[in-house]
1. Given N residues in the chain, what is Rg(Cα) / (2.2 N^0.38 Å)?
2. Quote the FRET efficiency, to the nearest 0.05, computed for Gln55 versus Lys83 with a Förster distance R0 of 30 Å and r equal to the Cβ-Cβ distance.
3. Heavy atoms of the protein only, probe of 1.4 Å, neighbouring chains included. What is the accessible area of His22 in Å², nearest 10?
Amino acid sequence: HVLPPEFRRDDLARGVLIRLVHKLAVRLRHLRLWAKSAEVQISFLGSGHWRDFSQLSPTQDTLTFIHAVNELWRRKPPGKVLKVGVVFSDLT
């Protein structure tokens with residue numbers, strides 16, 4: 001998700017990321033799928049791309065996903081965030 005200029009602060013970018021998590025969790029439940037990993041992807045304005053992932057016990061739980069994404073967010077390098085993304089994988 002490309003952030004508009006007014007959302008390129010860490011707190012607002014993280015909020016967008018959490019909204020994406022909510023949407024993905026609803027889709028997983030609708031499709032009756034469980035995810036075993038979560039990945040956060042961030043593009044920075046003028047300074048590259050970063051991503052990291054976390055292994056999970058198979059889950060569809062929104063709060064579990066939010067906790068994992070928050071932990072990944074804490075590990076991100078500094079910089080002005082341009083884009084955020086989240087991927088749930090290892091689906092069963």
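The values are calculated or read from the model by the stated rules, or taken from the named source; none is laboratory data. If you're wondering where the values come from, they're calculated on a predicted model, not measured in any experiment. A quick note on method: Cβ atoms are made from the backbone with ideal geometry, for glycine too, and the neighbour counts reach across all protein chains shown. In case anyone asks, the SASA skips ligands and DNA or RNA and just uses the protein heavy atoms, side chains included. Shrake-Rupley method; radii C 1.70, N 1.55, O 1.52, S 1.80 Å.
1. After normalising by residue count via 2.2 N^0.38 Å, the value is 1.06.
2. Numbers: r = 24 Å, r/R0 = 0.80.
So, using R0 = 30 Å, E works out to roughly 0.80.
3. Ignoring ligands and nucleic acids, His22 comes out at about 90 Å².
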